[in-house]
Amino acid sequence: MATDPRKALVLFSGGQDSTACLAWALSRYSAVETLGFDYGQRHCIELECRLRVIDELRAAFPDWSARLGEDHVLDLRLLGQISDTALTSERAVEMQANGLPNTFVPGRNLLFLNFAGALAYRRGASVLVGGMCETDYSGYPDCRDNTLKALQVALSLGLDAPMTVETPLMFLTKAQTWSLTQRLGGDALNALIVEHTHTCYLGERGPLHPWGHGCGHCPACALRQQGYEGWRAGGAGAELPA
């Protein structure tokens with residue numbers, strides 16, 4: 001049963017991490033809505049997958065469905081127009097001289113959270129939930145804890161209303177993320193994540209691997225596969241912090 005009476009807005013892409021965050025929010029808050037973004041990404045498969053994941057969650061978890069409210073999608077394609085990255089144009093995924101992969105979209109999470117805060121304000125929500133993580137990640141600076149804490153302060157001040165930014169995966173490895181969803185929704189939830197969520201940077205669905213669909217080679221697929229295998233092996237990395 002949810003124990004927090006507040007309404008939460010989950011930044012929901014349809015990927016593994018945002019699905020884990022949605023399940024986490026549904027197990028905690030009395031009301032939850034979801035928000036996706038069309039930001040000119042090079043493939044639209046994640047926008048299609050997110051709707052399927054929501055439908056599957058509703059069907060498999062009736063208690064969560066009762067608390068899962070409206071889904072929203074915002075058109076932020078201007079971001080894609082000013083970005084020259086492997087996520088917004090047909091380019092090979094590679095490392096850059098600054099140590100970041102060229103999948104980094106500058107300002108993406110900053111923009112996402114500002115728009116999410118504005119929508120949450122109008123929808124009566126005071127909690128924003130995102131899947132940002134600085135443990136097993138690609139090094140994106142807008143996924144770091146300090147960035148999100150600063151945004152929380154800025155949003156609360158700018159809206160003149162408390163706005164909490166929750167990042168339940170921030171200090172979890174990918175193996176621990178699989179462990180978290182197992183704890184939240186058991187085999188049914190992890191099977192749903194394997195079958196229906198999308199993480200691959202190249203937008204490939206293709207064959208179903210044990211850890212899900214994807215090219216199997218890009219950094220996102222590699223992290224997902226390694227995390228899954230670590231969780232299945234039952235290593236210490238899959239244990240959740242106390």
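Readers should treat all values here as calculations from the given coordinates under stated rules, not as data from a laboratory. Not measured: the values here are computed from a predicted model. Cβ: placed from backbone, ideal geometry, glycine included. Neighbour counts: every protein chain shown.
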Item to complete: Output the residues belonging to the range 153-162 that are out of contact with any Phe, Trp or Tyr (no Cβ under 6 Å at 6 or more places or on another chain) and surrounded by fewer than 19 Cβ atoms within 10 Å (Cβ to Cβ).
Response: VAL153, ALA154, SER156, LEU157, GLY158, ASP160, ALA161, PRO162
Practice prompt. Quickly run through the range 113-139 and pick out the residues that are in contact with a strand residue (DSSP E or B) (Cβ under 6 Å, 6 or more places away or on another chain), outside any helix (DSSP H, G or I), of a type in the set (Gly, Ala, Ser) and surrounded by 15 or more Cβ atoms within 10 Å (Cβ to Cβ).
Written response: ALA125, SER126, GLY130, SER138
Worksheet item: Restricting the search to the range 9-28, which residues are within 17 Å of LEU180 (Cα to Cα), outside any helix (DSSP H, G or I) and hydroxyl-bearing (Ser, Thr, Tyr)?
Response: SER27
